[in-house]
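*Asks:* One structure follows; several queries about it will come next.
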Amino acid sequence: MSDVGSTESPKSGGPVSPARERKLIPVRGEVAEVLRAEAQAVLAMVQDEGRRGTLAAVVAAVDDGELGDDDAEAAEQLLELGLVNGRIRALYGPEAEQATISLLRRLPRGRAAAESAQEVSEALSSLEGRLVEQIAVRVVSPGEFAVSISAGGLELSARLGRAGARLSTIGA
């Protein structure tokens with residue numbers, strides 16, 4: 001059994017450098033069942049051996065009760081697809097959908113999206129109390145939008161899309 005100061009991998013028992021230690025994300029209950037079922041459904045249809053190996057690793061990680069960094073990207077792709085096309089809600093119900101959203105927020109892209117949204121929110125707070133002079137939204141590309149706000153002599157532009165919310169410009 002490895003302890004906090006150990007340099008052994010908790011899954012393999014082999015050495016792990018401190019820079020490569022992984023954050024394990026617990027996956028239990030309803031969301032584990034959803035992720036396992038979605039991974040198995042795609043696994044049954046995929047022909048590419050590399051992708052099959054990735055999906056099998058996700059199923060194994062769910063069976064272990066924890067997703068590591070290696071499994072998180074594939075899990076994110078599976079769950080995002082199931083949410084976007086309505087499959088998770090249709091097959092498993094609204095509670096499973098909410099559990100899935102909660103898990104996605106704990107995975108790397110979800111954490112990055114939350115951080116970028118926080119940065120944009122902090123920048124927007126600089127406009128509080130100022131008279132809004134102009135607000136515009138434009139399409140940058142499919143699924144990507146730019147929001148520009150001019151208020152009290154300040155201008156702020158943010159991009160919103162699948163990659164999250166990103167601050168483009170702040171100026172006076």
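The values are calculated or read from the model by the stated rules, or taken from the named source; none is laboratory data. Given the structure is predicted, the values throughout are model-derived calculations rather than measurements. Here the Cβ is made from the backbone with ideal geometry for all residues, glycine too, and neighbour counts use every protein chain on show.
*Asks:* Is it the case, given these coordinates, that residue 90 is under 13 Å from the mean Cα position of the chain (by Cα), under 27 Å from residue 161 (Cα atoms) and at pLDDT 95 or above?
*Replies:* For residue 90, the condition - under 13 Å from the mean Cα position of the chain (by Cα), under 27 Å from residue 161 (Cα atoms) and at pLDDT 95 or above - is not met.
*Asks:* Here's something else I'd like to know. Being closer than 30 Å to residue 31 by Cβ, assigned to a helix (DSSP H, G or I) and of a type in the set (A, V, I, L, M, F, W, C) is the requirement here; does residue 165 meet it?
*Replies:* In short, no.
*Asks:* Scan the stretch 120-145 for residues that are closer than 11 Å to residue 169 by Cα and at pLDDT 95 or above and jot them down.
*Replies:* none
*Asks:* Which residue, of 118, 134, is loosely packed, with under 12 Cβ neighbours inside 10 Å and under 23 Å from residue 23 (Cβ atoms)?
*Replies:* After ruling out the rest, the residue left standing is 118.
*Asks:* If you don't mind, another one. Name every residue in the stretch 63-114 that is outside any helix (DSSP H, G or I), within 19 Å of residue 53 (Cα to Cα) and in contact (Cβ under 8 Å) with a residue 40 or more places away in the chain, in order of residue number.
*Replies:* 66, 67, 68
*Asks:* Give the stretch 138-172 a look and list any residue that's over 28 Å from residue 77 (Cα atoms) and loosely packed, with under 15 Cβ neighbours inside 10 Å, or say none.
*Replies:* 152, 153, 169, 170, 171, 172
*Asks:* Exactly one condition in (1) farther than 26 Å from residue 35 by Cα; (2) outside the structural domain of residue 154 (by TED's automatic domain parsing) is not met by residue 128; state its number.
*Replies:* Failed condition: (2).
*Asks:* Can I ask one more? Looking for whichever is modelled with pLDDT of 95 or more, surrounded by 12 or more Cβ atoms within 10 Å (Cβ to Cβ) and out of contact with any Leu (no Cβ under 8 Å at 6 or more places or on another chain) here; the options are 32, 75. Which one fits?
*Replies:* Just a single option satisfies the conditions, and that option is 32.
*Asks:* Then there is this: Residues in the stretch 150-161: is at least one in contact (Cβ under 8 Å) with a residue 40 or more places away in the chain and either out of contact with any Asp or Glu (no Cβ under 9 Å at 6 or more places or on another chain) or under 27 Å from residue 28 (Cα atoms) (or both)?
*Replies:* There is no residue in the stretch 150-161 that is in contact (Cβ under 8 Å) with a residue 40 or more places away in the chain and either out of contact with any Asp or Glu (no Cβ under 9 Å at 6 or more places or on another chain) or under 27 Å from residue 28 (Cα atoms) (or both).
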